[in-house]
1. Could you look through region 86-112, keep only residues that are closer than 13 Å to Leu44 by Cβ and touching a residue at least 40 places away in the same chain (Cβ under 8 Å), and pick out the one that is surrounded by the fewest Cβ atoms within 10 Å (Cβ to Cβ)?
2. When you scan region 48-150 for helices (runs of 4 or more DSSP H) that lie fully inside it, which ones turn up with 1 or more residues that are more than 19 Å from the chain's Cα centre (by Cα), outside the structural domain of Tyr197 (by TED's automatic domain parsing) and among the hydrophobic types (A, V, I, L, M, F, W, C)?
3. Pick from Ala123, Ala105: which is modelled with pLDDT of 95 or more and in contact with a Leu (Cβ under 9 Å, 6 or more places away or on another chain)?
4. In region 151-201, which residues are among the charged types (D, E, K, R) and in a helix (DSSP H, G or I)?
5. Does at least one position in region 127-137 carry a residue that is of a type in the set (Phe, Trp, Tyr), loosely packed, with under 15 Cβ neighbours inside 10 Å and either within 27 Å of Thr43 (Cα to Cα) or without any contact (Cβ under 8 Å) to a residue 12 or more places away in the chain (or both)?
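The values are calculated or read from the model by the stated rules, or taken from the named source; none is laboratory data. The shown structure was predicted, so the numbers you read here are calculated from the model rather than taken from an experiment. Positions of Cβ are backbone-derived with ideal geometry, glycine not excepted, and every protein chain shown enters the neighbour counts.
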Amino acid sequence: MSARSQERRLGSHVPLYFTFLRPYTTALELLFGGEGMPPHCDTLDGPVVKAAKRALETGNVNFILPWVPKKAEAELKRAFERTLRVRKLGREAMELSDYWFFETAVRLHREGEGAPYTGLKPAGLDWGPVVPRAEKAIEQGNAKEVIDFLLHTVKEEMQKRFEHAMAKKNYDENDVDAAREYVQAMLSFVLFSHHLYTYVKGGGEHGEEGMGGHEH
């Protein structure tokens, strides 16, 4: 059977290979923040804790409320008022109560995403190359840098997978090992393209850190 014939036969069964080719989606996960990347909002220098700090410093709970789902507002407000009272008892009490409030805010935020809360992560973690560029874009009101970076990364990865598949394409039809290598390379390119498109068109929203999304 020729390589082209195998492609036609495999075409209608591509979804069957999603699990088989799980290792080949690593680049996509790293690009968009998958299993190898800690949740952005779980860290002590992440946006949730920053908003919680600002709320405590100003005495205005509205700085942190947008980071939790509406159904969690009452619980967070109670925690906020309790923290403000305890902060007045001294420096140590302030540090302990602030940390508890940060944990509460992040826990409620993660619950709103449908994701488990596993504790606060330390500051200074490597969030990968995209998050700092995306945050910089928001701060400066210019997304050119992050867009150019993503376009370059996708183009480079797509080209690499395409060339790998083409290099394996002209195999001897009686060489099963060579045919299998081609199938893996071909599906790596096809499924990476598919996952990339469906992720982008499907939203790729913030809540997909936990695949749940906020319940506003």
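1. The first filter runs over region 86-112 and keeps only residues closer than 13 Å to Leu44 by Cβ, leaving 95, 98-99, 101-103, 105-106.
Next cut, touching a residue at least 40 places away in the same chain (Cβ under 8 Å) only: 98, 101-102, 105-106.
Values: Asp98: 17, Phe101: 24, Phe102: 22, Ala105: 26, Val106: 26.
This residue is Asp98.
2. Working: elements: 73-87, 91-112, 130-140.
Fully inside region 48-150 and qualifying: 73-87, 91-112.
3. Working: Ala123 fails: modelled with pLDDT of 95 or more.
From the options Ala123, Ala105, the qualifying one is Ala105.
4. First, pick out the residues of region 151-201 that are among the charged types (D, E, K, R): 155-157, 160-161, 163, 168-169, 172-173, 175, 177, 180-181, 201.
Lys155, Glu156, Glu157, Lys160, Arg161, Glu163, Lys168, Lys169, Asp177, Arg180, Glu181, Lys201, listed by residue number.
5. Restricting attention to region 127-137, the residues satisfying the condition of being of a type in the set (Phe, Trp, Tyr) are 127.
Those left that are additionally loosely packed, with under 15 Cβ neighbours inside 10 Å: none.
No.
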